[in-house]
Each structure stands twice: as structure tokens, then as C-alpha cells.
């Protein structure tokens, strides 16, 4: 099914998210040629969601002004549980998708090879190819959001298990018998340092009268206390919100210190809305918490960087990943 790769070929990358579907077309130099974004609208159901994904991809190709004959491959970064051998999205609970043969669907629709990756794997690969991890041999990516995802690019390949994605640092237990995590266990890192945990703590601070700016401008609904609102609260003097974020960064940094001892990555990239909204605060306190946890022999071996690609990371990484598979 593969096409000969030439200067006139393009690669389609798709970011399937809980709130948005983003499709982007890249040329051979990973310059953006066309894009389309629309809401996922998970409430419409799985079949309608798949139709929206396919339409978004076709619209991106149209926006790029290219023909299907110029398309060499399509990659997609998906949330949830994937069987990487078969290309089946087994479960993406946040959008209500189950047992979707996503690789097969994309290959049938576009007539080109498709590659399926976890969304954090794809985002980290994007940062490795064109972002904060460019030029490094080993890059560990961590993306704190509602949950906390991790990924490793090792010498140009996404590190993964036999069938499944791995590097689930968000489900490291950091507080014995701690808060309930969405995975069903207690005390996971994301139950302490994920955006949901931070927003919940910030909501409590509003209710207690400790965060006047956030109270006046956003309110106490955790669903409305997003990354931008948290950053604005810090900028406008809500000290308790700043401390909540520092505490989350400390927990994250302590976990990452252990990752340095385990994997010795050349670069660690922190992405996601929280880090990108407050890059200096995040980097400072994560780095500070990492250092005491890193063994002496590895001190200074790893750089910590904030992601550079923003919303483009997963789509670009998915496009780059399918290109790599077809170039082998």
C-alpha cells in the first residue's frame, strides 16, 4: 500500500482528543500545509464521532490544496487503550469509543498506510522531531492535563510494550492510601498533580474565601477552573492558587527525579496546558523538586524543557510517526 516517497508528498496527522479533533497536513520538511479543527462532540456517539474524524481529515487535505495521490500516509494520536499490533482503539472512555479498528478505517478511507499511536506518545515524538527535544537521542515527555501522560522516545523510536503503550507515570503511586484516582487506585501522581486535582483544590480555596481574584472572575466550579484561569489567578495575586500549583509541581518533580534514575533521558519535555500557561513557574519548581531525587552519578545529565509545539504536537508527531514507519 505504500507510495514512493518524493518531494511532492505529504503526511496527514490527526489528534483525536476529548474536546477536539485536529487534522493537519505536513510536507516532507514538516511545514504545515493545511489544517482543520472541530469539536469532538462525544455526546453524539461513536459512529457520528468517526464520521466527524473522517470529515475533519478530508477538510485538512482540502485546505492544503493537495490531491489524495500526493498523500503518503496518515497517523493518528488517540487517547485511551490501544492494541498497537492491530491498530484497534480498544477503549477511550472520555469520548465513549470502544473497539474501533482505527488503522483499518483510515487505510480504507484514504488508500495509504496508517499508523496509530497513543496521544502522548505522538506528542512527545512531535517534540522530538521538531520541538523542544529536537537533536536529542533520548527524550522523555510528560503532559500534565486532566490526567498525566508520559512517553519515551529512545534513539528515534517510540518506546512501547509488546502490544500496548507504556510509560504511565501518571499512575505511579506517590501517596499511600491517598485520593482516589480515575484508574480506580489511590494516591496516583495524577490524583495529586493533574489539572483536575489542582482545579478541585482551587475550588475549595474559592469556597473558603482564600482566592479573591478567582472567586470574582471564574467562581468555584472546577469545570471552569482551567489552565488559563489558574495562570491569571497567580498573576493577579491569589497566593493560595500559586501554592497549590507549586505543590503539584513538587510532586511531579519528585516523580521525574526517579525517572532520570531509571531511564537517564537527555531531555525531559513538559507539555500540556498547565505547563504552557505558566512555563517559568512550572519549570522552576519541577526542576527544584527533581534534584534531591536524582542519584549523584546522574546529576546534570538531563535538561528540563517546556514543550514548544503547543496544540500541534500530537498531530505533527502522528504525521512524523507514520512517515518513519514507511521510511524503514
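The values are calculated or read from the model by the stated rules, or taken from the named source; none is laboratory data. As the structure is a computational prediction, the values presented were derived from the model and not from experiment. For neighbour counting, all protein chains shown are included, and Cβ atoms are generated from backbone atoms with ideal geometry for every residue, glycine included.
Could you list, in sequence order, all residues of the stretch 105-128 that are surrounded by 22 or more Cβ atoms within 10 Å (Cβ to Cβ) and assigned to a helix (DSSP H, G or I)?
Correct list: 106, 119, 120, 121, 122, 123, 124, 125, 126, 127, 128.
In the stretch 177-213, what residues are at pLDDT below 90, out of contact with any strand residue (DSSP E or B) (no Cβ under 7 Å at 6 or more places or on another chain) and closer than 21 Å to residue 253 by Cβ?
Of everything in the stretch 177-213, just one residue is at pLDDT below 90, out of contact with any strand residue (DSSP E or B) (no Cβ under 7 Å at 6 or more places or on another chain) and closer than 21 Å to residue 253 by Cβ, namely 196.
Go through the stretch 186-213 and give me each residue that's in a loop (DSSP other than H, G, I, E, B) and in contact (Cβ under 8 Å) with a residue 24 or more places away in the chain.
Matches in the stretch 186-213: 189, 194, 210, 211.
Which residue, of 274, 252, is in contact with a helix residue (DSSP H, G or I) (Cβ under 9 Å, 6 or more places away or on another chain) and at pLDDT below 95?
Sole residue among the options that is in contact with a helix residue (DSSP H, G or I) (Cβ under 9 Å, 6 or more places away or on another chain) and at pLDDT below 95: 274.
Give the stretch 143-157 a look and list any residue that's surrounded by 14 or more Cβ atoms within 10 Å (Cβ to Cβ) and in a loop (DSSP other than H, G, I, E, B), or say none.
Scanning the stretch 143-157 gives 145, 146, 147.
Quick one: how many residues across the stretch 42-72 are at positive phi and in contact with a helix residue (DSSP H, G or I) (Cβ under 9 Å, 6 or more places away or on another chain)?
Qualifying residue count, the stretch 42-72: 0.
Considering the stretch 233-276 alone, what residues qualify as being touching a strand residue (DSSP E or B) at 6+ places or on another chain (Cβ under 8 Å) and not in a helix (DSSP H, G or I)?
Those that are touching a strand residue (DSSP E or B) at 6+ places or on another chain (Cβ under 8 Å) and not in a helix (DSSP H, G or I): 264, 265, 266, 267, 268, 269, 270, 271, 272.
Return yes or no: is residue 133 within 16 Å of residue 263 (Cα to Cα), surrounded by 24 or more Cβ atoms within 10 Å (Cβ to Cβ) and either without any contact (Cβ under 8 Å) to a residue 60 or more places away in the chain or in contact with a helix residue (DSSP H, G or I) (Cβ under 6 Å, 6 or more places away or on another chain) (or both)?
So residue 133 fits the description; yes.
Quick check on my filter: what residues within the stretch 158-185 are outside any loop (DSSP other than H, G, I, E, B) and either touching a residue at least 60 places away in the same chain (Cβ under 8 Å) or more than 17 Å from the chain's Cα centre (by Cα) (or both)?
The answer is 158, 169, 173, 180.
For the stretch 11-104, which strands (runs of 3 or more DSSP E) that fit wholly inside it have 3 or more residues that are touching a residue at least 40 places away in the same chain (Cβ under 8 Å)?
20-26, 71-78, 81-83, 97-100
Sort out which residues of the stretch 17-42 are under 14 Å from the mean Cα position of the chain (by Cα) and modelled with pLDDT of 95 or more, and write them in order of number.
21, 22
Where residues in the stretch 290-325 are more than 20 Å from the chain's Cα centre (by Cα) and surrounded by 19 or more Cβ atoms within 10 Å (Cβ to Cβ), which of them is farthest from residue 25 (Cα to Cα)?
The residue in question is 294.
What's the total number of residues in the stretch 281-305 that are out of contact with any strand residue (DSSP E or B) (no Cβ under 9 Å at 6 or more places or on another chain) and part of a helix (DSSP H, G or I)?
11
Kindly establish whether residue 269 is assigned by TED's automatic domain parsing to the domain that holds residue 138, touching a helix residue (DSSP H, G or I) at 6+ places or on another chain (Cβ under 7 Å) and buried (at least 22 other Cβ atoms within 10 Å of the Cβ).
Here the answer is yes, as residue 269 does meet what is asked.
Within the stretch 22-37, which residues are surrounded by fewer than 19 Cβ atoms within 10 Å (Cβ to Cβ) and within 17 Å of residue 119 (Cα to Cα)?
Hit for the stretch 22-37 is 37, nothing else.
Looking only at residues that are more than 14 Å from residue 47 (Cβ to Cβ) and at pLDDT below 95 in the stretch 93-104, which one is surrounded by the fewest Cβ atoms within 10 Å (Cβ to Cβ)?
Top of the filtered list is 93.
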